[in-house]
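Sharing a structure, written as structure tokens. Questions coming.
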Amino acid sequence: MRVPAGCEFEFVTSEGTTVKAGAGNSLSNRLAVFNEDFIDLNLQWSAGRAKPVFYIGREQAELAAELAKKEAALPVANERKIAAEALFRAKEQQLANFKRAHARTVSTELRQGSRSRFLQNTVASHTESSADKPTNQRNSRL
């Protein structure tokens, strides 16, 4: 923003340099001028405080617009993230349930197989021993 024609100003920097409007101004590219309403609203000198004031150029304005666009997309992205996390937890639970059910099935089959072998071995050993020695006392007396 350029200072309007006919506008005059002068101030002294903290280093003691006097700055005036015009071509010889060392701050001409870095100096921003604000109206009195803006100053009263944002720079409350009597209260000893000031709101931040930012002056941005065209490039920063474009970046600010891009930032605003991305910030506007954040709530949707957050909702998608939350939904994805919930789906992930549900799938993890399904996997845990599947593993648990499969482990029970395997355990049951192993126990049944052990019982079958135990019964086969027990019946076979009893059958072999009882063939030689009758368990009926009446038969043993004969």
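Please treat every number below as a calculation from the coordinates, not as lab data. Keep in mind that what you see is a predicted model, and the values were worked out from it rather than measured. Methodologically, a virtual Cβ is constructed for each residue, glycine included, from the backbone with ideal geometry; neighbour enumeration extends over all protein chains shown.
Treat each spin label as a single point 7 Å out from the Cα along the C-beta direction, and report the Glu66 to Arg111 distance in nm.
Distance between the two pseudo-spin positions: 6.5 nm.
Also, I was wondering about something else. How much length is gained if the chain between Ile82 and Leu41 is pulled fully straight, taking 0.36 nm per residue apart and subtracting their Cα-Cα distance, in nm to one decimal?
10.7 nm
Distance in nm between label sites at Arg100 and Thr13, each 7 Å beyond Cα in the beta-carbon direction?
Roughly 7.3 nm, to one decimal.
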